[in-house]
Structures are given as C-alpha cells and as structure tokens.
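Colleague: Before anything else, here's the structure in question.
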Amino acid sequence: MPKPPRRWGLPIIATLATLLIAAAVTGSTLMLVAKEKDRDSSTKEVEAVDYVRGFMSTYTTLDPSTPTNMPIGSSHRAPATSRRCSKRSERDPDTGRARRATTGSVVEAGVQRWNDNGSADVLVATKISTKSPDGKSTIESGNRWVATTTKEGSSGRSAT
C-alpha cells in the first residue's frame, strides 16, 4: 500500500505566521524604544530651557532698592535690606531717579548644544525695559546670552 502524500501547507503557514508575529513584536519594540529616547530627550530639553528662562527673567530684572542691585527674587537678600534702602532713599531723594528698576523678559530660548558632561548650553534672547528718568517713555534693549545649565541631584538644575 502506497504512503499518502505529505501535506506541507499547514507547517509552512504556521512557520510564516510565527515569523510574521516575531517581526511585528521586534518592530514594535524598536519603535517603542526610539519613542522613549525621543521623549526623554525632549523632556531634558524642556527642563533645561524652562529653568534658564526663569533664571534669566529673574537675573535681568533688577531692583534698585537693594544696595548691590541684586536681581528681584534673589535669595541672597537680607530681610533688613528693604528697611535700609528705604532709609537711604529718605535721606537722598535722587536715589530713585539715578537707579531705576529694570524689567527683564525672555524673548526666546533654545538649547544650542549638549556638552559631554551632561550640561546644556542654552542660547537666550532677553529684552530689558526701564522707564526714562522723566517716567514718560520706556527704554528697551535686547541682549543675547549663552547660559550653561547642569542638572544637579534628582530634582534641580543650576545655571551659570
């Protein structure tokens, strides 16, 4: 009695289906890894730019009531500074005219490059506004800065 012919259709279809599933899983995994790397990179960039924007806004906004002309919001000011400056302005009324407050704002900022040590060089365009001595007009000037920021610890950044 002759042997029945061997059926190859089912094993070939099963092998092809297995290869197709393995290729789909591999492709999906590679796309997920690439997406996560892009998301991490974007998050790092946004953190760096946001920190430098806040820092530069504070840095370019000067308070004339402080004796050293430190930026408003600086944590280095002593509590007695405002009392000392108000007494000085009472003695010398020209102090307010000679030293006017400036308001700094960030026009645009973006990461220029990432350094090998993990820090970022952020290019920042700022605009500084101040009132004229007569108080009738506003004087504006623009600056470009490169601020280097480094993430320190798990939650903070520092800029220089």
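Colleague: For the structure I just gave you, tell me whether residue 2 is over 33 Å from the mean Cα position of the chain (by Cα) and surrounded by fewer than 10 Cβ atoms within 10 Å (Cβ to Cβ).
Modeller: yes
Colleague: Let me ask another. Name every residue in region 90-111 that is of a type outside the set (Gly, Ala, Ser) and modelled with pLDDT of 80 or more, in order of residue number.
Modeller: The answer is 102, 103, 106, 107, 108, 111.
Colleague: Could you grab me the full set of residues in region 110-124 that are loosely packed, with under 15 Cβ neighbours inside 10 Å and closer than 17 Å to residue 53 by Cβ?
Modeller: Residues of region 110-124 loosely packed, with under 15 Cβ neighbours inside 10 Å: 110, 112-118.
Of everything in region 110-124, those that are loosely packed, with under 15 Cβ neighbours inside 10 Å and closer than 17 Å to residue 53 by Cβ turn out to be 110, 112.
Colleague: Within region 125-142, take every residue that is touching a helix residue (DSSP H, G or I) at 6+ places or on another chain (Cβ under 9 Å) and at pLDDT 85 or above and give me the one that is farthest from residue 48 (Cα to Cα).
Modeller: Filtering first and then ranking leaves 128.
Colleague: Please state which one of 114, 145 is among the aromatic types (Phe, Trp, Tyr), more than 17 Å from residue 44 (Cα to Cα) and modelled with pLDDT of 90 or more. Quick ask: steps written out before the conclusion?
Modeller: On the way: 114 fails: more than 17 Å from residue 44 (Cα to Cα).
On inspection, the qualifying residue turns out to be 145.
Colleague: Would you please name the residue that is modelled with the lowest pLDDT, looking only at residues in region 149-160 that are polar (S, T, N, Q) and farther than 17 Å from residue 58 by Cβ? Full working, then the answer.
Modeller: Narrowing region 149-160 to residues polar (S, T, N, Q): 149-150, 154-155, 158, 160.
Pick out the ones that are also farther than 17 Å from residue 58 by Cβ and you get 150, 154-155.
Numbers: 150: 89, 154: 67, 155: 60.
The selected residue is 155.
Colleague: Can you find, within region 43-57, the residue that is modelled with the highest pLDDT among those that are among the hydroxyl-bearing types (Ser, Thr, Tyr) and surrounded by 15 or more Cβ atoms within 10 Å (Cβ to Cβ)?
Modeller: 51
The values are calculated or read from the model by the stated rules, or taken from the named source; none is laboratory data. Given the structure is predicted, the values throughout are model-derived calculations rather than measurements. Using ideal geometry, Cβ is built from the backbone for each residue, glycine included, and neighbour counts are taken over all protein chains shown.
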